[in-house]
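The values are calculated or read from the model by the stated rules, or taken from the named source; none is laboratory data. Not measured: the values here are computed from a predicted model. Here the Cβ is made from the backbone with ideal geometry for all residues, glycine too, and neighbour counts use every protein chain on show.
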Amino acid sequence: MGQPRGKDQEKDVLRGHDERNVAALNFIPVQERLPEDLLRLERMVIRTNGQPAKIVCTGVPGIGMARGSDNDLLVALINVYIDAGCPADGIITTSAYALLKLSGQGTSGKHYQALSQCLARVFNTTYHITDGWFDFHAKRYTTVSFRIIDSLTRTHREETGADITLDSRSVLRIRLSEEITKSIRNGYIKPLNLTDYQSLPTVGSRTLYRLLDMYLDEAATRGDPKPYRMAVSLMTHAQNCGVLNRRPDHVRRALDSMHEPLIKMGYLATVNYVGKGLKTTVHYTYGETTSPINQEHVALLVKHGVHRGVAEKYARNLGEKVVVVVAKFAEELKRPNKKIENPAAYLVSLLKDVDSIVAQTRSDELRKQDIQRTRKASQAKIVKAEAQQNHLFEEELHLAIQKEGPEAAVEFMLTSFKVRQLQRHGLELHEIDQVRNAVLERRVDAAQMHAILNRVLMSPEVGIRDLRALL
DNA sequence: AGAAGAGAGATTTCGGTTTT
DNA sequence: AAAACCGAAATCTCTCTTCT
């Protein structure tokens, strides 16, 4: 154990992805050994933003439930699915060899045997998640039931009784759960450094890495000051990771062994336990070098002429602020009386001046959050039917326009969240800017614009055509 | 040469005992 | 009574050896 295989580190980093629900909920417990007769497991987890969720998983007698290292298979499947271009039917075809490689395992006979058992477990475990599965499209938490794998066909060397042997030429045809694939297609994913992930020696450290990376990703998105820090209640954290034991000293011991490799590789700088027993909280400080580089941000900057190396530096250091600065840049670029000789250099100068730009947008955002919070309070009483919620959105929008003018309306409908989504659906950044201006200048009614933007998300072809006609 | 087997070493999990 | 300490059983991993 210990040092990651050095040769991999020299090479390019394997850039993978993780589905956010899977990473946050961790519905496969880390525990490697579960009692044979344990076929139903119920636990509460708290998502990174505080949303509580109940997870019930059920196994089949004789096979047991998915656990521990089966998480690696799930990560591999998600990445195979994304690499395959996210087919709408959710079917991926891959080899047993590729799956083993992707989950960072060896490829000896024993590993193939382990893989077939692992597939059997994952295939036969059902999950029921209450109020914890985030529907990225509808923007709310939902209750879902599913199996990770819907169907599974495999070619195998030979069948000797009940034992099915996979080998390096086995081809697997797997249909992933629609809940998972739908979420991926909706873009509810985050980058995952597979090279780091695979270099971790234990199941626990790998699972914790993914979970902590979710927190890190959110801290970067919020634009927290560095170094990034994070604190959670010990027992909550244990539940989130899938450590089943409820005794604080046992939990702590389990966590310690997960932390060690993460500290060694520099992902975590420090881990502190504050308090005693059940009331202990765990405080993490991330390592300096762990800032994730968001490739989308890099691409965004490169597109505007910034040199790749420079772009990576700013993407690493500024996180989500990059989007804010580029938006500002696009805005400035369009001012008729402004002459910019070298757009790339101008963008870099804005990047250097990030603090004042972000301060400005942040004060706007705070105001917006305030509005939303007061409204949420009254909203709580209302039934959460989808149609009604849509209606509410419209109403909020109208209120925003009446009270605060079009600026507030724009803030409300063009959150950075939504801007990214729109881009993913094929809108160019300058077009989004046109949208913003059209509303600001009152050329287009905010409610109307909001409806069209939603259409873009629902059915891009029609929506974008309508939108372009309007601009 | 490659597969199978044996044995040492490390991990994980869990229960009993002492301490606060 | 809760929390921390300690240690042991069970199980897995890695390496070396043996057999076909």
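Quick rundown of the values:
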quantity: Residue that is away from DNA strand B (no atom under 16 Å from the Cβ) and within 22 Å of A:GLN239 (Cβ to Cβ), where the choices are A:THR94, A:THR58; calculated: A:THR58
quantity: Test: residue in the range A:264-276 that is within 16 Å of DNA strand B (Cβ to nearest atom), in contact (Cβ under 8 Å) with a residue 24 or more places away in the chain and either aliphatic (A, V, I, L, M) or assigned to a helix (DSSP H, G or I) (or both); calculated: yes
quantity: Counted residues, the range A:233-256 - those being surrounded by 20 or more Cβ atoms within 10 Å (Cβ to Cβ), of a type in the set (Val, Ile, Thr) and away from DNA strand C (no atom under 13 Å from the Cβ); calculated: 1
quantity: Considering residues of the range A:426-471 that are in contact with a helix residue (DSSP H, G or I) (Cβ under 7 Å, 6 or more places away or on another chain) and among the acidic types (Asp, Glu) only, the residue farthest from A:VAL324 (Cα to Cα); calculated: A:ASP466
quantity: When residues of the range A:166-187 are limited to those that are at pLDDT below 85 and out of contact with any Phe, Trp or Tyr (no Cβ under 7 Å at 6 or more places or on another chain), the one farthest from A:TRP133 (Cα to Cα); calculated: A:ARG169
quantity: Residue in the range A:154-163 that is under 27 Å from A:CYS57 (Cβ atoms) and at pLDDT 70 or above present; calculated: yes
quantity: Among the candidates A:LEU41, A:LEU102, residue that is assigned by TED's automatic domain parsing to the domain that holds A:ASP131 and in contact with a strand residue (DSSP E or B) (Cβ under 8 Å, 6 or more places away or on another chain); calculated: A:LEU41
quantity: Qualifying residue in the range A:264-274 (condition: buried (at least 20 other Cβ atoms within 10 Å of the Cβ), at pLDDT 85 or above, under 20 Å from the mean Cα position of the chain (by Cα) and not assigned by TED's automatic domain parsing to the domain that holds A:VAL354); calculated: yes
quantity: Any chance A:HIS259 is within 16 Å of DNA strand C (Cβ to nearest atom), farther than 28 Å from A:VAL56 by Cβ and either surrounded by 18 or more Cβ atoms within 10 Å (Cβ to Cβ) or at pLDDT below 90 (or both); calculated: yes
quantity: Among the candidates A:THR181, A:THR207, residue that is in a helix (DSSP H, G or I), under 25 Å from A:GLU19 (Cα atoms) and in the same structural domain as A:LEU25 (by TED's automatic domain parsing); calculated: A:THR181
quantity: Condition met for A:VAL251 (outside any helix (DSSP H, G or I), within 25 Å of A:ILE55 (Cβ to Cβ), within 15 Å of DNA strand B (Cβ to nearest atom) and not polar (S, T, N, Q)); calculated: no
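Yes or no, residue by residue, for (1) within 16 Å of DNA strand C (Cβ to nearest atom); (2) surrounded by fewer than 22 Cβ atoms within 10 Å (Cβ to Cβ); (3) assigned to a loop (DSSP other than H, G, I, E, B); (4) without any contact (Cβ under 8 Å) to a residue 60 or more places away in the chain:
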| site | (1), (2), (3), (4) |
| --- | --- |
| A:HIS17 | no, yes, no, no |
| A:ASN21 | no, no, no, no |
| A:VAL30 | yes, no, yes, no |
| A:PRO35 | yes, yes, yes, yes |
| A:LEU41 | no, yes, no, no |
| A:ASN49 | no, yes, yes, no |
| A:VAL56 | no, yes, no, no |
| A:GLY62 | yes, yes, yes, yes |
| A:ALA66 | yes, no, yes, no |
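Residue-wise test of (1) over 16 Å from A:ARG147 (Cα atoms); (2) without any contact (Cβ under 8 Å) to a residue 12 or more places away in the chain.
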residue	(1), (2)
A:GLY90	no, no
A:THR94	yes, no
A:LEU99	yes, no
A:SER108	yes, yes
A:SER116	yes, no
A:ASN124	no, no
